[in-house]
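Some notes on the structure that comes next.
Throughout, read-outs are computed from the coordinates displayed, never taken from laboratory work. Given the structure is predicted, the values throughout are model-derived calculations rather than measurements. FYI the Cβ positions are ideal-geometry reconstructions off the backbone, even for glycines, and counts take in every protein chain you see.
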Amino acid sequence: MEMVMDIALEDIQETNTKTNLVEREQEAIERIHAARAILGDDVVILGHHYQRDETVQFADFQGDSYQLSKEGAKVSAKYIIFAGVHFMAESADILARPDQVVILPNLRAGCSMADMATLEQVETAWAELEDVLQDDPVNRIMPITYMNSAANLKAFVGKNGGTVCTSSNAQASLAWAFAQREKIFFFPDQHLGRNTGKIMGIPLDKMVVWNPFKPYGGLTDQQIREAKIILWQGHCSVHQQFRPAHIDYWRKEHPDMTIIVHPECMMEVVDKADFSGSTAKIIEMIEAAPSGTKWAVGTEMHLVNRIKKQFPDKFITLLSPFSCLCSTMYRISPLDLADILEGLVEGRVMNQIRVPDDIKRDAKLALDRMLTIGK
Ligand code: 13P
Ligand code: SF4
């Protein structure tokens, strides 16, 4: 009897907490509107496509990582609030004017993939590559970092002549790099690097994986010498959940369905899909498709759920039967946004993302190259 009562009490408490949260989020929406009315053009909110609806509804501009950095660089507002993850806010700060302030509403909104490569690990790898190639790697290897990386890695790349890339300009970036140097060192996402290299006709045995936890990446001298692309052993835990079997399932259930996936998915998934592309490309393709078409989408679930609502004339489903959620981006709630905006009304800046000047200078070289290379 006692146990039953305990469970019932727990249920009531859980329901109360949920109701409380819903009410507080509702209040937060009103607080956001009130604060924004006071702050006017002083504030711009940028939101990534994976951001949840309750938060991203306040974004003045919503886009993929490339569009957000391009848009961020043009913004004239004093405060740039980033409804995305840490590396996106850092990039905005690198590209911003010195008098602009970039804010991440919740400092726990990181990216597990970005955390898979540290400056120390990359510098060690670079020295080991130099040792094997018996040459200055700067003349032979082009470092390219995916946008999903810390600012100090962007600075490393900037100093060594390389560029940042995103999923929407990876091919242009690799072509740019190969026009200048014989090899590419690509970090931290092995899948984007491999998928892009494969489209460009690089044989699989010329794309080797560098394990940062092993001496010389776990590779032999010969493998390093013969490689065209050295891929960092990193991945996205959200996109890793999509499997070839999910594609087989939908192909059997709906042979007329089109499968589109993000290039952070493993090669076996990208190979089986009909299309792959950045978050913006996924949205654009589905938007442009005729009514009645069917789509299975291999990317983060908030984006998929949003386009499902946006295009009710099409059948759209998540590729996987499980929830594929970017749990770190999800951490930015309307409550965080309300607190940040009210702080600004009171003259208090909270959660500013400030990249140190020396890192900023070198990282800007790499980001500017990315914007110059274009898509
Ligand atoms: P996009 O550049 O396609 O928006 O992707 C960003 C990202 O983090 C994907 O996981
Ligand atoms: Fe990082 Fe993956 Fe989230 Fe993109 S979806 S921000 S790569 S953890």
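Could I have the simple spin-label model distance between Glu30 and Val345, label points 7 Å from Cα toward Cβ, reported in nm to one decimal?
For the pair Glu30/Val345, the computed spacing is 1.2 nm.
What whole number of Å gives the distance from the Cα centroid of the stretch 102-129 to the Cα centroid of the stretch 257-330?
27
Determine the equivalent ellipsoid of the stretch 44-142 by diagonalising the alpha-carbon gyration tensor, then write out the semi-axes as square roots of 5 times the eigenvalues, largest first, rounded to whole Å. Spell out each step's value before the answer.
Numbers: eigenvalues 226, 48, 26 Å².
Its equivalent ellipsoid spans semi-axes of 34, 15, 11 Å.
Calculate the spin-label point distance for Met257 paired with Leu204, positioning each point 7 Å from the Cα along the beta-carbon direction, and give it in nanometres.
In this crude spin-label approximation the distance works out to 2.5 nm.
Under a point-charge model restricted to the Cβ atoms of Lys and Arg (+1) and Asp and Glu (-1), what is the dipole moment magnitude of the stretch 252-375 relative to its Cα centre, in debye to the nearest 20?
Computed charge dipole of the stretch 252-375: roughly 100 debye.
Arranged by the count of other C-beta atoms within 10 angstrom, fewest first, what order do Arg24, Arg194, Arg243 take?
Details: Arg24 14, Arg194 21, Arg243 17.
In increasing order of surrounding Cβ atoms, one gets Arg24, Arg243, Arg194.
Using a Förster radius of 25 Å, what is the FRET efficiency between Arg354 and Glu54 based on their Cβ-Cβ separation? Nearest 0.05, please. All intermediate terms of the calculation are to be shown ahead of the outcome.
On the way: r = 28 Å, r/R0 = 1.10.
E between Arg354 and Glu54, to the nearest 0.05, is 0.35.
Could you give the dipole magnitude of the stretch 202-245 about its Cα centre, charging the beta-carbon of Lys and Arg +1 and that of Asp and Glu -1, in debye to the nearest 20? Working shown, then result.
Details: 5 positive and 3 negative charges, 19 e Å.
Charge dipole of the stretch 202-245: 100 debye, to the nearest 20.
Percent of Cα-Cα pairs more than 25 Å apart in the stretch 124-229, please. Can you show the working numbers first?
Details: 579 of 5565 pairs.
For the stretch 124-229, the share of Cα pairs beyond 25 Å comes to 10 percent.
Taking square-rooted eigenvalues a ≥ b ≥ c of the alpha carbon gyration tensor, is the stretch 312-362 rounded, prolate or oblate, where a/c under 1.5 means rounded and, failing that, a/b exceeding b/c means prolate? Present the calculation step by step, with values, prior to reporting the outcome.
Values: a/c = 3.17, a/b = 1.71, b/c = 1.85.
Judged from the Cα gyration tensor, the stretch 312-362 comes out oblate (a/c at least 1.5, b/c at or above a/b).
For a quick check: sort Trp126, Trp295 by the number of other beta carbons within 10 angstrom, fewest at the front.
Working: Trp126 17, Trp295 25.
In order of increasing Cβ crowding within 10 Å: Trp126, Trp295.
Treating only the Cα positions of the chain as identical point scatterers, give the base-10 log of I(q)/I(0) from the Debye formula at each q in 0.13, 0.15 Å⁻¹.
Per q value, in the given order, log10 I(q)/I(0) is -1.08, -1.31.
Please give me the summed charge of the neighbours of Ala117: other residues whose Cβ is under 14 Å from its Cβ, Lys and Arg +1, Asp and Glu -1.
Result for the neighbourhood of Ala117: -3.
Over the Cα atoms of the stretch 15-69, what is the Rg over Rh ratio if Rh follows Kirkwood?
Values: Rg = 13.6 Å, Rh = 12.7 Å.
With Rh from the inverse mean 1/r over Cα pairs, Rg/Rh is 1.07.
Given H placed on each backbone N at 1.01 Å, which residues far from Tyr146 in sequence or on other chains put an amide H within less than 5 Å of it?
For Tyr146, the qualifying residues are Cys165, Phe187, Asp189.
In whole Å, what are the extents of the stretch 288-343 along the principal axes defined by its C-alpha atoms, from largest to smallest?
47, 22, 13
Using only the Cα atoms of the stretch 240-293, build the gyration tensor, take square roots of its eigenvalues as a ≥ b ≥ c, and label the shape rounded, prolate or oblate: rounded if a/c is under 1.5, else prolate if a/b is larger than b/c, else oblate.
Values: a/c = 2.67, a/b = 1.14, b/c = 2.34.
Since a/c reaches 1.5 but b/c is at least a/b, the shape of the stretch 240-293 is classed as oblate.
Determine the dipole magnitude for the chain: charges of +1 sit on the beta-carbon of Lys and Arg, -1 on that of Asp and Glu, nothing else is charged, the reference point is the Cα centre, and the result goes in debye to the nearest 20.
Dipole magnitude for the chain comes out near 1200 debye.
Between Ser237 and Lys74, what length in nm is gained on full extension when 0.36 nm per residue of separation is reduced by their alpha carbon distance?
55.5 nm
Could you please rank Phe186, Phe156, Phe213, Phe275, placing first whichever residue has the fewest other Cβ atoms within 10 Å of its Cβ? Could you put the intermediate results ahead of the total?
Values: Phe186 30, Phe156 24, Phe213 8, Phe275 13.
Final ranking by Cβ density, sparse to dense: Phe213, Phe275, Phe156, Phe186.
Which of the listed residues, Gly298, Thr372, Val355, is farthest toward the dipole's positive end in the stretch 277-375, when Lys, Arg count +1 and Asp, Glu count -1 at the beta-carbon?
Gly298
Taking R0 as 22 Å, what FRET efficiency do you get between Gln180 and Asn211 from their Cβ-Cβ distance, rounded to the nearest 0.05? Intermediate values should be presented prior to the final figure.
Working: r = 27 Å, r/R0 = 1.22.
Efficiency for this residue pair is about 0.25.
Quick one: grab the alpha carbon gyration tensor of the stretch 169-242, order the square roots of its eigenvalues as a ≥ b ≥ c, and give me rounded if a/c is under 1.5, else prolate or oblate depending on whether a/b is larger than b/c.
Details: a/c = 1.83, a/b = 1.01, b/c = 1.81.
Because a/c hits 1.5 or more and a/b fails to exceed b/c, the stretch 169-242 counts as oblate.
Taking only complete DSSP H runs, can you tell me which helices of the chain stretch 15 Å or more along their own long axis by Cα positions and average at least 0.5 on the Kyte-Doolittle scale?
Details: long enough: 2-39 (54 Å, -0.34); 119-133 (21 Å, 0.05); 334-345 (16 Å, 1.10); 357-373 (24 Å, -0.33).
Once both thresholds are applied, what remains is 334-345.
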